[in-house]
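Reviewing the structure listed below.
The values are calculated or read from the model by the stated rules, or taken from the named source; none is laboratory data. As the structure is a prediction and not an experimental result, all values here were calculated from the model. Here the Cβ positions follow ideal geometry from the backbone for every residue, glycine too, while neighbour counts run over all protein chains shown.
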Amino acid sequence: MSELRTHPADLNLSPEVVGHQRFLFVCLSPSGADGTLADALDGLGKGMENMHDVAGYPSEDACQRGRFQFLRAEPTLSAARDLAHPAILSAHALIRLEGATLDPLLRYEEGVRKLIEPRGGTVEALVGVQRPRSYTSYAMTQFAYAPALAPHHALAAAAGIPYIVRRNVHAPEHYGREGNYDFVPYFEFAEEHAPIFRAVMAALRDTAQNPEWAYVREGPEWWGRRVGYAAALWGNSHDSTVR
């Protein structure tokens, strides 16, 4: 997660919202997670699409119904960064939600809280909206940017392009608000490509290669492993590594 203090007008960012994402960081000791909880969490997703079971771009129908993804924490890989956020760094699990409309995601989050909080756990939510990727017109892109040298951050991240899936969501309302993240990035990659991800991040954080990073303040770097069902959030099921 990263925070960049600026104004949206300075970035020429589109105000259009094309989707919503919510990151539910769940802190609950394994001793508090039983089969009843796992079954109830799986039940919350009925009618929604489990991202673990599909590949490629989601259908319009799935986006309308809402989608969810379970990730089990890999605490030895997670790391604190510039901005302290213990509720994220100590989370045992992450449930990532996305959809074209907000209501199904809010209902799911409410259900998670009703299951976790009475058991003595906590749910920390980071929220964001998806906006169009283009920050300028197509004509201007072709005229001014397509022939130009790539920005430093693009060059620093080039090695990861074939191997890393990246999702980036924006602050829902305004940038630069105290206590909020301007952007929440999510990265996913196969286990064997973790060294590539680390190398890309090291290059991005190197202000000699990427001067723009001098303006970035990062929240915690939380690592997890994608799992297909709720019982595996506190178990030993083995799938792919993500951050």
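Things to note:
- Within region 112-126, residues that are among the hydroxyl-bearing types (Ser, Thr, Tyr) reach partners that are surrounded by 14 or more Cβ atoms within 10 Å (Cβ to Cβ) with beta carbons closer than 6 Å, at six or more positions or on different chains, in the pairs Thr122/Cys27.
- You will find that of Val165, Val242, the residue that is under 27 Å from Tyr57 (Cβ atoms), at pLDDT below 90 and either basic (Lys, Arg) or exposed (fewer than 14 other Cβ atoms within 10 Å of the Cβ) (or both) is Val165 and no other.
- Every pair of residues 6+ apart whose Cβ atoms lie under 8 Å, when the first sits in region 165-192 and is closer than 21 Å to Trp213 by Cβ and of a type in the set (Asp, Glu) while the second is at pLDDT 85 or above and assigned to a strand (DSSP E or B): Asp182/His170
- Residues of region 168-192 classified as crowded, with 17+ Cβ neighbours inside 10 Å and in a loop (DSSP other than H, G, I, E, B), total: 5
- Index of the failed condition, Thr136 passing every other in (1) at pLDDT 50 or above; (2) in contact with a helix residue (DSSP H, G or I) (Cβ under 8 Å, 6 or more places away or on another chain): (1)
- Single condition Leu83 does not satisfy, out of (1) aliphatic (A, V, I, L, M); (2) within 17 Å of Ala33 (Cβ to Cβ); (3) assigned to a loop (DSSP other than H, G, I, E, B): (2)
- Residue in region 193-215 that is farthest from Arg166 (Cα to Cα), counting only those that are touching a Phe, Trp or Tyr at 6+ places or on another chain (Cβ under 8 Å) and not in a loop (DSSP other than H, G, I, E, B): Arg205
- If you check Thr76, Thr36 for being out of contact with any Phe, Trp or Tyr (no Cβ under 8 Å at 6 or more places or on another chain), at pLDDT 95 or above and part of a loop (DSSP other than H, G, I, E, B), only one passes: Thr76.
- Boolean, Ala214 is among the small types (Gly, Ala, Ser) and touching a residue at least 40 places away in the same chain (Cβ under 8 Å): no
- Lone unmet requirement of (1) out of contact with any helix residue (DSSP H, G or I) (no Cβ under 8 Å at 6 or more places or on another chain); (2) under 30 Å from Arg177 (Cα atoms) for Ala203: (1)
- Scope region 48-60; condition at pLDDT 95 or above and either part of a loop (DSSP other than H, G, I, E, B) or of a type in the set (D, E, K, R) (or both); matching residues: Met48, Glu49
- Search result, residues across region 21-33 that are part of a strand (DSSP E or B) and either more than 22 Å from Cys63 (Cα to Cα) or in contact with a Pro (Cβ under 8 Å, 6 or more places away or on another chain) (or both): Val26, Cys27
- Within region 86-99, restricting attention to residues that are touching a residue at least 12 places away in the same chain (Cβ under 8 Å) and surrounded by fewer than 19 Cβ atoms within 10 Å (Cβ to Cβ), the residue that is farthest from His20 (Cα to Cα) is Ser90.
- Residues in region 45-77 that are in contact with a strand residue (DSSP E or B) (Cβ under 6 Å, 6 or more places away or on another chain) and among the small types (Gly, Ala, Ser) were compared, and the one that is surrounded by the most Cβ atoms within 10 Å (Cβ to Cβ) is Gly66.
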